[in-house]
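Below are the structure tokens for one structure; questions will follow.
The values are calculated or read from the model by the stated rules, or taken from the named source; none is laboratory data. From a predicted model like this one, the values you see are computed outputs, not experimental measurements. All Cβ positions, glycine included, derive from the backbone under ideal geometry; neighbour counts span all protein chains shown. Protein only, heavy atoms only, side chains kept; ligands, DNA and RNA dropped before computing areas. Shrake-Rupley method; radii C 1.70, N 1.55, O 1.52, S 1.80 Å.
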Amino acid sequence: MSALAMNPQETLSASSLRPVISFHGVGKTYPNGSVALRDVDLAIYEKDFVFVVGASGAGKSSLIRVLIREENVSSGRIFVEGQEITRMPRRKLPRLRRRFGIVFQDYKLLPTLNVAQDVAFALQVTRPGQKYLKDRVEETLWIVGLEDKLRKYPDQLSGGEQQRVAIARALVHRPKIFIADEPTGNLDPDTSWGIVQLLVKVNHSGTTVVMATHNREVVDLVRRRVIQIENGRVARDEVEGQYLREGEATL
Ligand SMILES: Nc1ncnc2c1ncn2[C@@H]1O[C@H](COP(=O)(O)OP(=O)(O)OP(=O)(O)O)[C@@H](O)[C@H]1O
Ligand SMILES: [Mg+2]
């Protein structure tokens with residue numbers, strides 16, 4: 001009997017879990033010749049919480065951009081929920097992106113919309129009924145802890161509150177996969193911690209979370225899977241990882 005078959009846990013994961021995201025030999029070279037990803041193989045499973053870490057320029061944002069098809073891969077294949085997205089025709093991309101909730105470092109809130117309007121705006125593309133829209137917006141703002149800020153405009157909100165609006169906007173579709181690229185990049189440590197706890201809560205509700213970050217404290221406190229990218233390659237992939245292994249030089 002093989003070692004795999006003797007371990008019930010591994011047998012279970014090998015047989016019954018299908019990755020929600022998988023990368024197969026993915027490479028990305030930008031038109032100027034910069035190589036951002038080299039032969040990346042990855043499998044991310046349903047309900048995983050994954051930190052993507054690595055030095056500036058390592059390839060974290062590129063990994064996210066090819067996953068949401070904001071950039072095309074140069075080689076290899078990416079599957080999302082069993083569907084190959086690397087060859088998906090352009091007209092299908094809006095629907096692909098709606099399967100993800102996506103937030104970035106800058107919140108990109110619309111200055112003329114209040115909190116409730118901004119989150120509603122994100123949902124309106126799917127033409128929901130008014131009652132559903134209102135209930136869904138209020139529920140989502142409650143999840144992110146902004147239920148008392150519905151009528152505030154971006155310039156009346158702190159950075160952390162603005163990021164919560166961006167997260168609410170990303171969650172309002174009830175995506176199965178939540179992707180964040182440096183969501184705490186502009187926030188102080190306490191506020192960052194609040195945002196990450198919110199993402200942990202989102203993950204506990206059954207959403208797969210992928211978060212690219214430089215935030216060492218957060219990664220070391222949360223102790224989830226850590227994928228380290230170095231020079232475009234996966235250099236480390238640990239189940240309950242830290243920002244850096246003990247004994248390694250600090251960046
Ligand atoms: N649009 C682009 N055109 C050309 N080269 C790019 C482009 N975007 C990124 N690169 C290059 O690809 C490599 C990876 O960049 P990427 O933005 O993915 O890194 P990162 O890990 O997200 O860095 P940071 O931590 O600074 O956000 C770098 O060498 C970068 O200069
Ligand atoms: Mg980046």
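Taking the stretch 90-114, which residues are more than 22 Å from the chain's Cα centre (by Cα) and open to solvent by less than 40 Å² (accessible area, probe 1.4 Å)?
Restricting attention to the stretch 90-114, the residues satisfying the condition of being more than 22 Å from the chain's Cα centre (by Cα) are 91, 111-114.
Those that are more than 22 Å from the chain's Cα centre (by Cα) and open to solvent by less than 40 Å² (accessible area, probe 1.4 Å): Leu113, Asn114.
Kindly establish whether Phe79 is open to solvent by less than 10 Å² (accessible area, probe 1.4 Å) and more than 11 Å from ligand 1 (Cβ to nearest atom).
So Phe79 does not fit the description; no.
Shifting gears a bit: Yes or no: the stretch 214-231 includes at least one residue that is at pLDDT 95 or above and farther than 26 Å from Ala170 by Cβ.
yes
Inside the stretch 26-70, can you point out the residues that are more than 18 Å from Gly82 (Cβ to Cβ) and small (Gly, Ala, Ser)?
Once the filter is applied, which keeps residues that are more than 18 Å from Gly82 (Cβ to Cβ) and small (Gly, Ala, Ser), the stretch 26-70 yields Gly27, Gly33, Ser34, Ala36, Gly54, Ala55, Ser56, Gly57, Ala58, Gly59, Ser61, Ser62.
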